[in-house]
Ligand SMILES: *Cc1c(COP(=O)(O)O)cnc(C)c1O
């Protein structure tokens, strides 16, 4: 466990898949982790981080960005439309574009700012009723809509159902990205990032395997 162990495992998986190392970006998911753990990884020179909550990101990342100018932060959690304005100011990419109302909001913000974070469309590959994401059958229509809004969608993202083999979901997401003509694939977490790399992931989101288990404070 820890950053260098995970980097080594990523390199191994990339080589086993016959891919290039700079083809796969390791997103260190720092949500709710104690500051010292995150600062250790920042000090080691790691640049790319993932967060789930707009408020939490607003509280801790502006100061870190000043101290660690290499830092880039991606939003990987569900995004409420009323937090979109803050999100486009805080994040370099958003992995969770999942509905037309959010797309419209982001398009309006992009027009006002003349700039927009890179976007991934989240796909609910397991078709779970409680989970966010565009249903696979709706993806082509949704992609057409966001293209018309001129949004910078670079890829697809998925979170496979818990307790299921993630492999088929990764393969399915890769096939959908190819069909839609987008190059990036955000998939794979601590327990399955190697399978995701084998299936073509370009962005893996690894939290607990780098930082240790998350402890959610009772609030
Ligand atoms: C928390 C989270 C992760 C990281 O999970 P680990 O199992 O700790 O690696 C990855 N992706 C998303 C969307 C998450 O919310």
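If I filter the stretch 120-140 for residues that are in contact with a strand residue (DSSP E or B) (Cβ under 7 Å, 6 or more places away or on another chain), away from the ligand (no atom under 16 Å from the Cβ), in a strand (DSSP E or B) and closer than 15 Å to residue 76 by Cβ, do I get at least one hit? Let's see the steps before the verdict.
Restricting attention to the stretch 120-140, the residues satisfying the condition of being in contact with a strand residue (DSSP E or B) (Cβ under 7 Å, 6 or more places away or on another chain) are 120-124, 132-134, 136, 139.
Remaining after also requiring away from the ligand (no atom under 16 Å from the Cβ): 136, 139.
Narrowing further to those that are in a strand (DSSP E or B): none.
Within the stretch 120-140, none of the residues are in contact with a strand residue (DSSP E or B) (Cβ under 7 Å, 6 or more places away or on another chain), away from the ligand (no atom under 16 Å from the Cβ), in a strand (DSSP E or B) and closer than 15 Å to residue 76 by Cβ.
Restricting the search to the stretch 35-55, which residues are within 13 Å of the ligand (Cβ to nearest atom) and more than 20 Å from residue 118 (Cα to Cα)?
Passing the criteria: only 37.
Scan the stretch 80-95 residue by residue and report those that are within 18 Å of residue 184 (Cβ to Cβ) and surrounded by fewer than 19 Cβ atoms within 10 Å (Cβ to Cβ). Steps first, please.
Of the residues in the stretch 80-95, the ones within 18 Å of residue 184 (Cβ to Cβ) are 91-95.
Across the stretch 80-95, the qualifying residue is only 92.
Need the failing condition index for residue 77 against (1) surrounded by fewer than 15 Cβ atoms within 10 Å (Cβ to Cβ); (2) in a loop (DSSP other than H, G, I, E, B), just the number.
(1)
Out of all the residues in the stretch 154-164, is one or more part of a helix (DSSP H, G or I), within 16 Å of the ligand (Cβ to nearest atom) and in contact with a strand residue (DSSP E or B) (Cβ under 6 Å, 6 or more places away or on another chain)?
No; the residues of the stretch 154-164 include none that is part of a helix (DSSP H, G or I), within 16 Å of the ligand (Cβ to nearest atom) and in contact with a strand residue (DSSP E or B) (Cβ under 6 Å, 6 or more places away or on another chain).
Give the residue, chosen from 213, 218, 199, that is away from the ligand (no atom under 12 Å from the Cβ) and either modelled with pLDDT under 95 or under 11 Å from the mean Cα position of the chain (by Cα) (or both). If you could, list the steps in order and put the result at the bottom.
Values: 213 fails: away from the ligand (no atom under 12 Å from the Cβ); 199 fails: either modelled with pLDDT under 95 or under 11 Å from the mean Cα position of the chain (by Cα) (or both).
Testing whether each residue is away from the ligand (no atom under 12 Å from the Cβ) and either modelled with pLDDT under 95 or under 11 Å from the mean Cα position of the chain (by Cα) (or both) leaves just 218.
Wholly within the stretch 1-73, which helices (runs of 4 or more DSSP H) include no fewer than the required count, namely at least 2 residues that are under 15 Å from the mean Cα position of the chain (by Cα) and surrounded by 14 or more Cβ atoms within 10 Å (Cβ to Cβ)? Before you say what the answer is, go through the steps one by one.
Values: elements: 3-16, 35-43, 54-67.
It comes to 54-67.
Would it be correct to say that residue 101 is exposed (fewer than 13 other Cβ atoms within 10 Å of the Cβ), within 16 Å of the ligand (Cβ to nearest atom) and either without any contact (Cβ under 8 Å) to a residue 24 or more places away in the chain or part of a loop (DSSP other than H, G, I, E, B) (or both)?
Working: exposed (fewer than 13 other Cβ atoms within 10 Å of the Cβ): yes; within 16 Å of the ligand (Cβ to nearest atom): no; either without any contact (Cβ under 8 Å) to a residue 24 or more places away in the chain or part of a loop (DSSP other than H, G, I, E, B) (or both): yes.
In short, no.
Filter the stretch 165-184 down to the residues that are away from the ligand (no atom under 13 Å from the Cβ) and not in a helix (DSSP H, G or I), then identify the one that is surrounded by the fewest Cβ atoms within 10 Å (Cβ to Cβ).
If we take residues in the stretch 165-184 being away from the ligand (no atom under 13 Å from the Cβ) and not in a helix (DSSP H, G or I), then 181 is surrounded by the fewest Cβ atoms within 10 Å (Cβ to Cβ).
The values are calculated or read from the model by the stated rules, or taken from the named source; none is laboratory data. From a predicted model like this one, the values you see are computed outputs, not experimental measurements. Cβ sites come from the backbone with ideal geometry, for glycine too, and all protein chains shown count toward neighbours.
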